[in-house]
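Read-outs: derived from the displayed coordinates by stated rules, not from any lab. Because the structure is predicted, anything quoted here is derived from the model rather than measured. Don't worry about glycine lacking a Cβ; one is built from the backbone with ideal geometry, like all the others, and counts go over all protein chains shown.
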Amino acid sequence: QVQLVESGGGLVQPGGSLRLSCAASGTIFSINDMGWYHQAPGKQRELVAIITSGGSTTYADSVKGRFTISRDNAKNTVYLQMSSLKAEDTAVYYCYAEGVLTRLAGRRDYWGQGTQVTVSS
């Protein structure tokens, strides 16, 4: 069974930085897109950034120039480097893997359990 395990969340002051990691475990042949979404209290889950298997990236307008997404295909891991953090970045951040191909389950999508990021002084 495939699991997405996130790490790196926490409390940071405005203007600070955090790096999130998400590793997909299991017998995985390939993954299409990997990305990050966030959900603030009382709001819907929203796309933060996504990266294709070939390295093309898409960012939400609110994080362009501040966040950088990257991935290591050999490790089935995606990263989110967050800089110049603002209070409005406070949310639970969820890792997403689209089109994960395994022998037993075929191609499916998976979500991580979420990691809290709090930006506050």
* Any chance the stretch 2-24 includes a residue that's more than 22 Å from ASP89 (Cα to Cα) and over 15 Å from the mean Cα position of the chain (by Cα)? -> yes
* Asked: Name the residues in the stretch 80-118 that are closer than 13 Å to SER30 by Cβ, crowded, with 18+ Cβ neighbours inside 10 Å and small (Gly, Ala, Ser), would you?
  -> ALA97
* Cβ pairs under 6 Å, 6+ apart, first in the stretch 50-65 and touching a residue at least 40 places away in the same chain (Cβ under 8 Å) and under 15 Å from CYS95 (Cα atoms), second of a type outside the set (A, V, I, L, M, F, W, C) and surrounded by 10 or more Cβ atoms within 10 Å (Cβ to Cβ) -> ILE50/ASP33; ILE50/GLY35; ILE50/THR58
* So ASN32 fits all but one of (1) out of contact with any strand residue (DSSP E or B) (no Cβ under 8 Å at 6 or more places or on another chain); (2) within 27 Å of LEU104 (Cα to Cα); (3) touching a residue at least 40 places away in the same chain (Cβ under 8 Å); what number is the exception? -> (1)
* Asked: Does the stretch 29-52 hold any residues that are of a type in the set (S, T, N, Q) and either touching a Gly at 6+ places or on another chain (Cβ under 6 Å) or under 15 Å from ASN76 (Cβ atoms) (or both), and which are they?
  -> SER30, ASN32, THR52
